[in-house]
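The values are calculated or read from the model by the stated rules, or taken from the named source; none is laboratory data. Every value quoted in this text rests on a predicted model; they were computed, and no experiment measured them. All Cβ positions, even for glycine, are placed from backbone atoms using ideal geometry, and neighbour counts span all protein chains on display.
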Amino acid sequence: MNNSVAGTARLLGAGLRALLALTIVCGVLYPLAVTGIAQALFHDKANGSEIKDKSGNVVGSSLIGQTYDLPKRNPDDPEEAAKPDLTWFQPRPSAGLGANSVNTRYSLLLSGATNKAADNPELVAMVEAAKAAVIADNSTADYEVRAEDVPADAVTSSGSGLDPNISPAYARLQVHRVAQKNGLSVKQVEELVKDHTEGRELGFMGEPRVNVLELNTALKALS
(Lines give C-alpha, C1' and ligand atoms only; values in the text may rest on other atoms or scores of the structure.)
Protein backbone atom coordinates (compact mmCIF):
# COMPACT_ATOMS: atom_id res chain seq x y z
CA MET A 1 0.00 0.00 0.00
CA ASN A 2 2.80 2.40 0.94
CA ASN A 3 4.64 1.58 -2.27
CA SER A 4 1.47 2.31 -4.25
CA VAL A 5 0.97 5.66 -2.53
CA ALA A 6 4.64 6.58 -2.97
CA GLY A 7 4.51 5.66 -6.66
CA THR A 8 1.37 7.71 -7.19
CA ALA A 9 2.95 10.66 -5.40
CA ARG A 10 6.04 10.43 -7.61
CA LEU A 11 3.87 10.33 -10.73
CA LEU A 12 1.86 13.33 -9.56
CA GLY A 13 5.04 15.22 -8.73
CA ALA A 14 6.55 14.44 -12.12
CA GLY A 15 3.34 15.51 -13.84
CA LEU A 16 3.18 18.79 -11.95
CA ARG A 17 6.84 19.53 -12.68
CA ALA A 18 6.28 18.80 -16.37
CA LEU A 19 3.18 21.02 -16.35
CA LEU A 20 5.09 23.85 -14.71
CA ALA A 21 8.03 23.51 -17.10
CA LEU A 22 5.83 23.38 -20.20
CA THR A 23 3.77 26.33 -18.94
CA ILE A 24 6.90 28.43 -18.52
CA VAL A 25 8.43 27.38 -21.84
CA CYS A 26 5.31 27.32 -24.04
CA GLY A 27 3.18 29.86 -22.21
CA VAL A 28 5.79 32.48 -21.28
CA LEU A 29 9.22 32.12 -22.88
CA TYR A 30 8.08 31.11 -26.39
CA PRO A 31 5.41 33.87 -26.75
CA LEU A 32 7.90 36.45 -25.43
CA ALA A 33 10.55 35.27 -27.88
CA VAL A 34 8.16 35.31 -30.85
CA THR A 35 6.79 38.73 -29.85
CA GLY A 36 10.29 40.13 -29.44
CA ILE A 37 11.48 38.82 -32.80
CA ALA A 38 8.32 40.12 -34.52
CA GLN A 39 8.69 43.57 -32.96
CA ALA A 40 12.38 43.74 -33.83
CA LEU A 41 12.23 42.45 -37.41
CA PHE A 42 8.62 43.09 -38.51
CA HIS A 43 7.49 45.97 -36.30
CA ASP A 44 4.93 47.36 -38.77
CA LYS A 45 3.28 44.03 -39.55
CA ALA A 46 3.38 42.87 -35.93
CA ASN A 47 1.30 45.90 -34.95
CA GLY A 48 -1.40 45.36 -37.57
CA SER A 49 0.10 47.20 -40.56
CA GLU A 50 -1.26 50.48 -39.25
CA ILE A 51 -1.57 53.52 -41.51
CA LYS A 52 -1.10 56.94 -39.93
CA ASP A 53 -1.97 60.39 -41.20
CA LYS A 54 0.47 63.30 -41.24
CA SER A 55 -0.45 64.07 -37.62
CA GLY A 56 0.56 60.60 -36.52
CA ASN A 57 -2.98 59.40 -35.85
CA VAL A 58 -3.82 55.82 -36.80
CA VAL A 59 -6.49 55.87 -39.52
CA GLY A 60 -6.71 52.15 -40.21
CA SER A 61 -4.87 49.07 -41.40
CA SER A 62 -3.46 48.51 -44.87
CA LEU A 63 -4.84 44.96 -44.68
CA ILE A 64 -8.55 45.82 -44.29
CA GLY A 65 -10.66 47.91 -46.62
CA GLN A 66 -12.80 50.83 -45.52
CA THR A 67 -15.81 52.56 -46.97
CA TYR A 68 -15.93 56.29 -47.70
CA ASP A 69 -19.59 57.19 -47.40
CA LEU A 70 -21.57 60.28 -46.55
CA PRO A 71 -23.26 60.28 -43.12
CA LYS A 72 -26.72 58.79 -43.18
CA ARG A 73 -29.62 61.17 -42.72
CA ASN A 74 -31.11 58.67 -40.27
CA PRO A 75 -28.30 56.64 -38.64
CA ASP A 76 -30.83 54.39 -36.87
CA ASP A 77 -32.45 53.24 -40.12
CA PRO A 78 -30.78 49.99 -41.26
CA GLU A 79 -32.70 50.12 -44.54
CA GLU A 80 -31.24 53.46 -45.63
CA ALA A 81 -28.59 52.89 -48.28
CA ALA A 82 -25.27 54.62 -47.72
CA LYS A 83 -24.16 57.02 -50.42
CA PRO A 84 -20.49 57.25 -51.37
CA ASP A 85 -18.55 60.40 -50.50
CA LEU A 86 -17.21 61.24 -53.94
CA THR A 87 -14.48 63.44 -52.48
CA TRP A 88 -12.48 60.24 -51.95
CA PHE A 89 -11.29 57.33 -54.02
CA GLN A 90 -13.82 54.55 -53.63
CA PRO A 91 -12.91 50.94 -52.77
CA ARG A 92 -14.32 47.73 -54.16
CA PRO A 93 -17.92 46.92 -53.23
CA SER A 94 -18.23 45.09 -49.91
CA ALA A 95 -19.90 41.68 -49.72
CA GLY A 96 -20.10 41.60 -45.94
CA LEU A 97 -23.12 40.05 -44.31
CA GLY A 98 -25.19 41.78 -41.64
CA ALA A 99 -24.23 44.72 -39.47
CA ASN A 100 -22.21 45.37 -36.35
CA SER A 101 -21.32 48.12 -33.92
CA VAL A 102 -17.58 47.41 -33.81
CA ASN A 103 -16.23 48.18 -37.28
CA THR A 104 -18.60 50.90 -38.41
CA ARG A 105 -16.48 51.61 -41.50
CA TYR A 106 -18.00 48.46 -42.98
CA SER A 107 -21.52 47.27 -42.18
CA LEU A 108 -20.39 43.75 -41.40
CA LEU A 109 -21.23 40.84 -39.21
CA LEU A 110 -19.33 38.29 -41.27
CA SER A 111 -16.91 38.81 -44.11
CA GLY A 112 -17.37 36.73 -47.22
CA ALA A 113 -18.35 36.59 -50.87
CA THR A 114 -21.85 36.62 -52.32
CA ASN A 115 -21.53 32.94 -53.35
CA LYS A 116 -23.72 33.68 -56.36
CA ALA A 117 -23.01 32.10 -59.73
CA ALA A 118 -21.88 34.36 -62.57
CA ASP A 119 -25.26 34.00 -64.30
CA ASN A 120 -27.31 34.52 -61.14
CA PRO A 121 -29.98 37.14 -61.98
CA GLU A 122 -29.48 38.95 -58.68
CA LEU A 123 -25.72 39.17 -59.18
CA VAL A 124 -26.15 40.33 -62.78
CA ALA A 125 -28.56 43.05 -61.63
CA MET A 126 -26.14 44.12 -58.86
CA VAL A 127 -23.24 44.35 -61.30
CA GLU A 128 -25.26 46.33 -63.84
CA ALA A 129 -26.46 48.75 -61.15
CA ALA A 130 -22.92 49.13 -59.83
CA LYS A 131 -21.58 49.80 -63.33
CA ALA A 132 -24.21 52.47 -63.96
CA ALA A 133 -23.33 54.12 -60.65
CA VAL A 134 -19.59 54.07 -61.42
CA ILE A 135 -20.20 55.69 -64.80
CA ALA A 136 -22.50 58.36 -63.34
CA ASP A 137 -20.29 59.12 -60.34
CA ASN A 138 -17.01 59.40 -62.23
CA SER A 139 -18.08 61.23 -65.38
CA THR A 140 -17.29 64.94 -65.25
CA ALA A 141 -17.81 67.88 -67.58
CA ASP A 142 -14.57 67.12 -69.41
CA TYR A 143 -14.29 63.38 -68.87
CA GLU A 144 -16.83 60.74 -69.85
CA VAL A 145 -16.59 57.21 -68.48
CA ARG A 146 -17.60 54.56 -70.98
CA ALA A 147 -19.08 51.19 -70.00
CA GLU A 148 -16.06 49.37 -71.43
CA ASP A 149 -13.75 51.47 -69.23
CA VAL A 150 -15.21 50.06 -65.99
CA PRO A 151 -12.93 47.31 -64.60
CA ALA A 152 -14.30 44.22 -62.88
CA ASP A 153 -13.13 45.23 -59.41
CA ALA A 154 -15.24 48.40 -59.60
CA VAL A 155 -18.46 46.37 -59.67
CA THR A 156 -17.64 43.12 -57.87
CA SER A 157 -16.48 42.35 -54.34
CA SER A 158 -13.54 40.18 -53.40
CA GLY A 159 -13.80 36.78 -51.77
CA SER A 160 -13.48 38.30 -48.30
CA GLY A 161 -15.47 41.45 -49.03
CA LEU A 162 -12.73 43.40 -47.26
CA ASP A 163 -10.19 43.92 -50.04
CA PRO A 164 -8.12 47.03 -49.19
CA ASN A 165 -6.85 47.38 -52.76
CA ILE A 166 -8.22 48.35 -56.15
CA SER A 167 -6.70 47.95 -59.59
CA PRO A 168 -4.70 50.81 -61.11
CA ALA A 169 -7.35 50.95 -63.83
CA TYR A 170 -10.11 51.64 -61.29
CA ALA A 171 -7.95 54.23 -59.52
CA ARG A 172 -7.24 56.03 -62.81
CA LEU A 173 -10.93 55.98 -63.69
CA GLN A 174 -11.64 58.00 -60.53
CA VAL A 175 -8.89 60.59 -61.06
CA HIS A 176 -10.94 63.27 -62.84
CA ARG A 177 -13.78 63.15 -60.32
CA VAL A 178 -11.39 63.25 -57.32
CA ALA A 179 -9.44 66.14 -58.85
CA GLN A 180 -12.62 68.13 -59.44
CA LYS A 181 -14.03 67.46 -55.94
CA ASN A 182 -10.79 68.45 -54.21
CA GLY A 183 -9.83 71.45 -56.35
CA LEU A 184 -6.69 69.72 -57.62
CA SER A 185 -5.32 69.33 -61.12
CA VAL A 186 -5.76 66.03 -62.93
CA LYS A 187 -1.98 65.75 -63.21
CA GLN A 188 -1.56 66.06 -59.43
CA VAL A 189 -4.01 63.27 -58.77
CA GLU A 190 -2.57 61.10 -61.55
CA GLU A 191 0.87 61.43 -59.93
CA LEU A 192 -0.67 60.49 -56.57
CA VAL A 193 -2.10 57.31 -58.07
CA LYS A 194 1.18 56.52 -59.78
CA ASP A 195 3.13 56.96 -56.54
CA HIS A 196 0.79 54.56 -54.70
CA THR A 197 0.63 51.85 -57.36
CA GLU A 198 2.35 48.66 -56.20
CA GLY A 199 3.63 46.05 -58.64
CA ARG A 200 3.40 42.27 -58.48
CA GLU A 201 4.95 40.55 -55.48
CA LEU A 202 8.49 39.45 -56.38
CA GLY A 203 7.75 40.65 -59.89
CA PHE A 204 5.43 37.80 -60.87
CA MET A 205 2.86 37.02 -58.13
CA GLY A 206 -0.54 38.68 -58.07
CA GLU A 207 -1.56 41.83 -59.93
CA PRO A 208 -0.60 45.52 -59.66
CA ARG A 209 -2.72 47.23 -57.02
CA VAL A 210 -3.43 50.49 -55.22
CA ASN A 211 -4.17 50.56 -51.50
CA VAL A 212 -7.22 52.80 -51.13
CA LEU A 213 -6.62 53.86 -47.53
CA GLU A 214 -3.00 54.81 -48.22
CA LEU A 215 -4.08 56.69 -51.35
CA ASN A 216 -6.84 58.62 -49.56
CA THR A 217 -4.53 59.43 -46.65
CA ALA A 218 -2.05 60.94 -49.13
CA LEU A 219 -4.92 62.72 -50.89
CA LYS A 220 -6.03 64.30 -47.62
CA ALA A 221 -2.50 65.51 -46.94
CA LEU A 222 -2.27 66.95 -50.46
CA SER A 223 -5.63 68.70 -50.51
* Structure fact -> Scanning the range 137-181 residue by residue, those of a type in the set (Val, Ile, Thr), buried (at least 17 other Cβ atoms within 10 Å of the Cβ) and not in a loop (DSSP other than H, G, I, E, B) turn out to be 166, 175, 178
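Of 131, 116, which residue is under 17 Å from residue 169 (Cα atoms) and either touching a residue at least 60 places away in the same chain (Cβ under 8 Å) or assigned by TED's automatic domain parsing to the domain that holds residue 207 (or both)? Even if it seems obvious, please write down each step before you answer.
On the way: 116 fails: under 17 Å from residue 169 (Cα atoms).
None of the other options fit; the residue is 131.
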* Asked: Somewhere in the range 158-168, is a residue among the hydroxyl-bearing types (Ser, Thr, Tyr), assigned by TED's automatic domain parsing to the domain that holds residue 71 and at pLDDT 90 or above?
  -> yes
* Structure fact -> (1) at pLDDT below 95; (2) of a type in the set (Val, Ile, Thr); (3) under 20 Å from the mean Cα position of the chain (by Cα) all hold for residue 193 apart from (1)
* Asked: Are there any pairs, at least 6 apart or on different chains, whose C-beta atoms fall under 8 Å, with the first in the range 158-172 and within 19 Å of residue 48 (Cβ to Cβ) and the second in a helix (DSSP H, G or I) and acidic (Asp, Glu), and if so, which?
  -> 163/153
* To do: Among what's in the range 57-91 and is in contact with a helix residue (DSSP H, G or I) (Cβ under 7 Å, 6 or more places away or on another chain) and at pLDDT below 85, pick the residue that is surrounded by the most Cβ atoms within 10 Å (Cβ to Cβ).
  => 65
* **Qualifying position, being within 24 Å of residue 57 (Cα to Cα) and either surrounded by fewer than 14 Cβ atoms within 10 Å (Cβ to Cβ) or not polar (S, T, N, Q) (or both), among 202, 219, 184** => 219
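Out of the range 46-81, which residues are polar (S, T, N, Q) and over 21 Å from residue 92 (Cα atoms)? Before the answer, list the steps.
Of the range 46-81, the ones polar (S, T, N, Q) are 47, 49, 55, 57, 61-62, 66-67, 74.
Hits for the range 46-81 are 47, 55, 57, 74.
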* **Sole residue being in contact with a helix residue (DSSP H, G or I) (Cβ under 9 Å, 6 or more places away or on another chain), closer than 21 Å to residue 52 by Cβ and not in a strand (DSSP E or B), chosen from 210, 189, 193** => 193
